[in-house]
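Accompanying notes for the structure given below.
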Amino acid sequence: MSASRAAGGRAAIPANMPDYERACARFSWERARARLAGLPGGALNIAHEAVDRHAEGPLANVVALRFLGRHGAVGELTYAQLRAETDRFANVLRALGVQRGERVFALAGRIPELYVAALGALKHGAVFCPLFSAFGPEPIEQRLRIGDARVLISTPQLYRRKVAELRPRLPGLRHVLLVGEAAQIDEIDGVEDCRELMVAAGERCQIAATAPVDLALLHFTSGTTGAPKGALHVHEAVVAHRATGEIALDLRPGDVFWCTADPGWVTGTSYGIVAPLTLGVTCVVDELDFDAERWYRIIQDQRVDVWYTAPTALRMLMRLGAEVAHEYDLGSLRFIASVGEPLSAEAVLWGREAFGLPVHDNWWQTETGGIMIANYRAMPLRPGSMGRPLPGIQAAVARRDREGGHLLAADGKLQLAQAAGEQGELVLRPGWPSMFRGYVGQEQRYRSSFAGGWYLTGDLVRRDRDGYFWFVGRGDDVIKSAGHLIGPFEVESALLAHPALADAGVIGKPDPLAGEVVKAFVALKPGMRPSEELRDELLGFARMRLGAVAPREIDFVDSVPHNRSGKIMRRLLRARELGLPEGDISTLEAIR
Ligand code: AMP
């Protein structure tokens with residue numbers, strides 16, 4: 001299908017937000033809230049908005065989730081069926097004595113049970129926390145511990161490989177529910193068969209009358225230092241999920257929507273589960289990982305209307321050339337959006353060549369819970385820019401000092417950039433419904449994310465004269481690899497458990513496909529000698545402990561640079577790696 005013919009058909013459907021300026025002038029979160037169904041007495045529950053409210057009306061028999069399984073099988077759950085399944089899961093939790101507010105974790109691939117568990121846990125009033133199934137045992141243990149997991153849903157394979165050994169160290173983890181073959185589950189000690197419990201559970205449940213500010217979701221993210229941060233979100237986040245799904249992704253009832261993110265990361269939950277379901281959309285879920293031809297075929301065969309993906313995937317498609325896209329009928333697409341890493345102007349425009357539609361970049365992060373800045377369907381697109389703030393969101397650029405600290409005026413207010421084009425930190429005015437409400441057990445870290453009445457995102461940006469934001473870089477040392485945020489400290493700590501290592505420093509090394517890959521610089525203990533065998537051993541050691549976030553490259557160095565207060569100077573490691581000037585090294589500690 002030619003690009004112009006395709007675009008003509010799609011253009012006939014008007015955008016949900018035809019005029020950005022007008023929408024900003026009229027928008028209020030109260031009005032967005034009024035679009036939800038709610039529960040008696042002012043209660044609000046994400047699962048009610050996503051599932052139950054549709055389960056009896058005209059959408060009851062519309063497919064809510066369509067699963068494309070590993071072996072070609074297709075499974076579907078209509079909204080009515082999803083209600084029954086999630087009711088059963090909520091009843092399972094009740095029967096197990098799980099209390100409201102307790103944490104239910106999932107460690108599974110993109111299988112139906114993960115989605116049922118997420119929504120069922122919310123119905124029960126529990127807090128749901130998805131884990132990325134490609135994590136190794138170490139990040140899994142940390143997160144289960146920090147998040148005080150009470151229940152874990154997993155599969156026999158993942159549980160055996162990644163959790164069984166840690167189980168004695170996690171006394172708070174009372175129930176492990178496994179999904180898979182009964183015979184395999186029977187062989188494992190200390191676990192229960194999820195399906196058996198589901199069959200025994202009643203089909204209808206009384207949904208928990210959660211308050212809008214009751215905790216609902218926990219998503220882990222990483223900072224430069226310290227343990228992973230568990231960002232807590234509340235039920236009223238659903239106000240923003242629905243509004244952003246409508247405004248920024250242009251979703252409407254009956255659409256077929258494919259969000260390629262894994263629910264182990266926040267995009268895969270906010271936009272892979274909650275937002276589209278609140279809008280009565282059919283979500284496509286692909287169990288398998290990226291494969292260009294398979295992905296094109298999914299868009300074609302599933303007649304996907306709206307596609308939400310990531311720059312790494314787009315770069316991989318670009319590498320194969322637009323001709324490959326032209327072998328498929330992709331004319332169902334109405335809107336394409338991308339998130340998670342910088343999207344180059346080239347990739348935006350390549351969308352036109354390949355799909356007859358540009359790719360619309362948008363920006364947000366785990367802490368914001370939902371899209372904050374976007375290129376909207378009916379707003380002039382600036383290729384390379386993240387777009388403009390969502391109606392209802394106030395964003396600004398804050399000045400930083402040379403050390404990356406914030407500049408406060410005498411009255412305690414943040415100094416904001418005045419001139420267009422000035423670079424600084426992206427800050428957001430708190431108060432939107434999907435804003436995180438804390439980091440589990442780290443009150444001080446949470447409080448230090450705010451200054452002068454603004455939330456500090458940690459990202460460096462510029463804003464142009466017309467109010468479009470442009471991403472410049474991270475303000476910290478966190479690594480973004482294939483869209484996944486990786487804390488260097490977590491990787492360094494895992495490496496240091498190896499007996500040969502005295503010190504380790506980890507950076508993101510630019511990579512044409514993944515954006516960045518994890519690279520480690522390691523100093524050996526006295527008496528140890530660098531060798532290819534040791535390098536391979538360290539790579540294997542890291543891979544076993546960390547899984548997908550392990551370093552891809554390891555270099556031996558005499559010493560890892562630290563500043564006088566002991567912090568690893570990753571900036572210097574990066575400059576050396578890239579052959580850039582070393583900059584100010586006056587704070588470098590004498591070589592250790
Ligand atoms: P996460 O919390 O894992 O979703 O990662 C959020 C971080 O990803 C942001 O703070 C940015 O550094 C980066 N990010 C997300 N979206 C974009 C985007 N559109 N352009 C550039 N960076 C992005």
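Can you list residues from other chains, or at least 5 along the same chain, whose modelled amide H is less than 5 Å from the amide H of Asp459?
The list, which skips near neighbours in sequence, is Leu426, Gly475.
Tally Lys/Arg at +1 and Asp/Glu at -1 over every other residue whose Cβ is under 12 Å from the Cβ of Val472; what's the total?
Net charge around Val472: +1.
Grab the Cα-Cα distance for Val74 and Leu349, subtract it from 0.36 nm times how many residues apart they are, and report the gain in nm with one decimal.
Full-extension gain reported as 95.7 nm.
Contact order normalised by length for the chain, with contacts defined as Cα pairs under 8 Å and 6 or more residues apart; what percent is it?
13 percent
Checking the a/c ratio against 1.5 first, then a/b against b/c, what shape does the Cα gyration tensor give for segment 125-221?
It is oblate, given that a/c is not under 1.5 and a/b is not larger than b/c.
Rank by packing, highest mean first: peptides 204-212, 168-176, 23-31, with packing defined as the count of other Cβ atoms within 10 Å averaged across residues.
In decreasing order of mean packing, 204-212, 168-176, 23-31 become 204-212, 168-176, 23-31.
Calculate the spin-label point distance for Ala209 paired with Val472, positioning each point 7 Å from the Cα along the beta-carbon direction, and give it in nanometres.
In this crude label model, Val472 to Ala209 measures out at 5.1 nm.
Pairs of alpha-carbon atoms within less than 8 angstrom and 6+ residues apart define the contacts here; what relative contact order does segment 215-365 have, in percent?
18 percent
Which ³J(HN,Hα) values in Hz, rounded to whole numbers, follow from the phi angles of segment 74-80 under the Karplus curve 6.51 cos²θ - 1.76 cosθ + 1.60, where θ = phi - 60° and Gly and Pro get x?
Residue by residue, segment 74-80 yields 10, x, 10, 10, 6, 4, 5 Hz.
State whether segment 479-578 is rounded, prolate or oblate according to the following rule on the C-alpha gyration tensor (a ≥ b ≥ c being the square roots of its eigenvalues): a/c under 1.5 gives rounded; otherwise a/b larger than b/c gives prolate, and the remaining case gives oblate.
Oblate shape, in that a/c is at least 1.5 and b/c is the bigger or equal ratio.
Counting only helical runs of four or more DSSP H residues, what would the 222 nm mean residue ellipticity of the chain come to if each run contributes -39,500 (n - 2.57) and the total is spread over all its residues?
-8000 deg cm²/dmol
Using +1 on the beta carbon of Lys and Arg, -1 on that of Asp and Glu, and nothing else charged, what's the dipole of segment 393-472 about the Cα centre, debye to 20?
Charge dipole, segment 393-472, about its Cα centre: 120 debye, nearest 20.
What spacing in nm lies between the two simple spin-label points modelled at Ala34 and Ala60, each 7 Å away from Cα in the Cβ direction?
Those two pseudo-labels are separated by 2.9 nm.
Starting with the highest mean, order 494-507, 55-68 by the number of other Cβ atoms within 10 Å, averaged over the residues of each peptide.
Ranking, from highest mean packing down: 494-507, 55-68.
Apply the Karplus parameterisation 6.51 cos²θ - 1.76 cosθ + 1.60, with θ equal to phi minus 60°, to every residue of segment 482-496 and state each ³J(HN,Hα) to the nearest whole Hz, in sequence, with x for glycine and proline.
Values, residue by residue: 6, x, 9, 7, 10, x, x, 5, 5, 6, 4, 4, 5, 5, 5 Hz.
Where does the charge balance sit around Arg529 when Lys and Arg score +1, Asp and Glu -1, over other residues with C-beta under 15 Å from its C-beta?
Net local charge, Arg529 excluded: -4.
Checking the a/c ratio against 1.5 first, then a/b against b/c, what shape does the Cα gyration tensor give for the chain?
rounded
Just want to confirm a number: the relative contact order over segment 80-187, from Cα pairs under 8 angstrom separated by 6+ residues, in percent.
Worked out over segment 80-187, it gives 27 percent.
Ordered by residue, what ³J(HN,Hα) values in Hz, to whole numbers, does segment 413-427 give under the Karplus form 6.51 cos²θ - 1.76 cosθ + 1.60, where θ = phi - 60° and Gly and Pro are x?
7, 6, 7, 9, 4, 9, 7, 4, x, 6, 8, x, 8, 5, 10
Asp361's amide H: which non-local residues (gap 5+, or another chain) put their own amide H closer than 5 Å, with H modeled 1.01 Å from N in plane and none for Pro or chain starts?
Counting only residues 5 or more places away or on other chains, the set is Ser338, Asn375.
May I ask you to list the chymotrypsin sites (Phe, Trp or Tyr not before Pro) in segment 100-199 that are in a DSSP loop and have at most 16 other Cβ atoms within 10 Å of their Cβ?
Counting only loop positions with at most 16 other Cβ atoms within 10 Å, none of the chymotrypsin sites (Phe, Trp or Tyr not before Pro) in segment 100-199 qualifies.
DSSP loop (so not H, G, I, E, B), at most 13 other Cβ within 10 Å: list which trypsin sites (Lys or Arg not before Pro) in segment 528-590 pass both filters.
Answer by residue number: Arg564.
How far apart, in nm, are the 7 Å Cα→Cβ label points at Ala410 and Glu165?
Here the modelled spin labels are 6.1 nm apart.
Find, among the GluC sites (Glu not before Pro) in segment 186-269, those assigned to loop by DSSP (not H, G, I, E, B) with at most 16 other beta-carbon atoms within 10 angstrom.
Of the GluC sites (Glu not before Pro), the ones in loops of segment 186-269 whose Cβ has at most 16 other Cβ atoms within 10 Å are Glu187, Glu203.
List every residue whose amide H lies under 5 Å from the amide H of Gly223, counting only residues 5 or more places away in sequence or on a different chain, with H placed 1.01 Å from N in the peptide plane.
So Gly223 has HN proximity to Lys229.
Read-outs: derived from the displayed coordinates by stated rules, not from any lab. What you are looking at is a predicted structure, and each value in this text was computed from that prediction instead of being measured. Quick reminder, even Gly has a Cβ in these numbers, built from the backbone with ideal geometry, and neighbours come from all protein chains shown.
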